[in-house]
Amino acid sequence: MTSTTLPRSELTQNLSGWRDGAGPALLLIHGVGLSADAWAPMLPFLTRHFAVTAVDLPGHGDSSKFAEGHGITLEEFSKAIGDLLSSDNERSLVMGHSLGGLIAVDVAIRFPEMLTAVVPLNAIYRRSETASHAVNARAQELSGTENPDPAPTLNRWFGESPDGETALMAEDCRRMLTQVDPLGYRQAYQVFANEDGPTDAALEKLACPALFVTGSEEPNSTPHMSMAMARLTPRGRAVIIENARHMMPMTHAAEVCAHLLEFCKHLDGTHDQV
């Protein structure tokens, strides 16, 4: 793997991103502090099966940030994604990672007519008191004027001494975390810290098929969380990828893609050509 910076185009007035491939529409939503580039290890496979859009969230990559001076909510991120889906005028499978997973589920709840299915990766649901305290403490440390040292985050994601391709992935994440707009990073992280996953009632009414995926070694978006959400969702399934941690879209790209493809084979006719 080599470091990847994807060419961007303007997707809506507020969002930029990358597009390629042919087939059913697939929208990818990255996590806090990252960008569309975080999906690079999966893209060679995905573009053989889907018309892929990898979006930069507001305040990340090349997308403009929300206006300063008011508290940003999950709904505002979801509406930005909803505007993109509406402008494309085509129902889409939506896959999101971490905060992107929270957004993906919220979009599926708010705009069910726009989705064929939703695939949240490493999504949170009912954090423990300890985990909630830790993520809120990290959010409070963000100044909005400069980015913090990414080393603690990278250690959580990749371990203290990654090597080989994992070290290159960690370096790609270091680049994204240091280059992200500091205010955009703070806005997104505060939303991530303040949220505790979708409500049980919303999951019980989720209309589209849903595949919840996380890693067996993920301490924050735990296997228990994905399995609990899948049990509440009428058409939900959970997959736990062995030996994977938080950045499994990078470190376990082949496994994530394989589970996505298998999931799509069972959708109601929408992805027959996959």
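Estimated translational diffusion coefficient (Stokes-Einstein, Kirkwood radius over Cα pairs, 4 °C, 1.567 mPa s) of the chain: 71 µm² per second.
Couplings for segment 242-252, taken from phi via the Karplus curve 6.51 cos²θ - 1.76 cosθ + 1.60 with θ = phi - 60°, read 5, 6, 9, 10, 5, 9, 4, x, 8, 6, 10 Hz in order; Gly and Pro are left as x. About its Cα centre, segment 195-274 has a charge dipole of approximately 160 debye under the convention of +1 per Lys or Arg Cβ and -1 per Asp or Glu Cβ, with nothing else charged. Listed by Cβ neighbour count within 10 Å, with the fewest neighbours leading, ASP200, ASP62 appear as ASP200, ASP62.
Taking the DSSP beta bridges with both ends in the chain, the antiparallel portion is around 25 percent. In vacuum, with every alpha carbon of segment 38-100 counted as one equal point scatterer, what does the Debye formula give for log10 I(q)/I(0) at q = 0.26, 0.28 Å⁻¹? Two decimals, please. For segment 38-100, the Cα-only Debye profile gives -1.36, -1.44. Label sites at SER132 and ASN14, each approximated as a point 7 angstrom past Cα along Cα to Cβ, lie 2.8 nm apart. Summing charges over neighbours of GLY184, with a neighbour being any other residue whose Cβ is under 14 Å away from its Cβ, gives -4 when K and R count +1 and D and E count -1.
Between ALA22 and ALA67, how high is the FRET efficiency from 1/(1 + (r/R0)^6) when r is the Cβ-Cβ distance and R₀ = 41 Å? Nearest 0.05. FRET efficiency, ALA22 to ALA67: 0.65. Proximity of backbone amide H atoms, modeled 1.01 Å from N, is registered between ILE124 and LEU102 at under 5 Å, excluding neighbours fewer than 5 places apart on the same chain.
Other residues whose C-beta falls under 11 angstrom from the C-beta of HIS30 contribute a net charge of -2, scoring Lys and Arg +1 and Asp and Glu -1. The alpha carbon convex hull volume per residue for segment 1-160 rounds to 134 Å³. Electrostatic bookkeeping for GLY59 treats Lys and Arg as +1 and Asp and Glu as -1; over the other residues with beta carbon under 13 Å from its beta carbon, the sum is -3.
For segment 103-194, trypsin sites (Lys or Arg not before Pro) meeting the loop criterion (DSSP other than H, G, I, E, B) and having at most 14 other Cβ atoms within 10 Å: ARG126. In this rough spin-label picture, where each label sits 7 Å from Cα along the Cβ direction, the GLU242-LYS205 distance is 4.0 nm.
Based on C-alpha pairs under 8 angstrom that are at least 6 apart in sequence, the chain has a relative contact order of 21 percent. Would you please state which residues of segment 74-96 a label at ARG235 would reach in this model, taking the label point 7 Å out along Cα→Cβ and a backbone N cut-off of under 14 Å? Inside the label zone: 91-94.
For segment 77-171, a Kirkwood radius taken over Cα pairs fed into Stokes-Einstein (37 °C, viscosity 0.692 mPa s) yields D = 207 µm²/s. Each residue in ILE103, ILE109, ILE124 was given a count of other beta-carbon atoms within 10 angstrom of its own, and listing them fewest first yields ILE109, ILE124, ILE103.
Ordering LYS79, LYS65, LYS205, LYS265 by the number of other Cβ atoms within 10 Å of each residue's own Cβ, fewest first, gives LYS265, LYS205, LYS79, LYS65.
Coordinate-derived values only; no laboratory data. Just so you know, these numbers come straight off a predicted model, no measurement behind them. Every residue, glycine among them, receives a Cβ derived from its backbone with ideal geometry; neighbour counts consider all protein chains shown.
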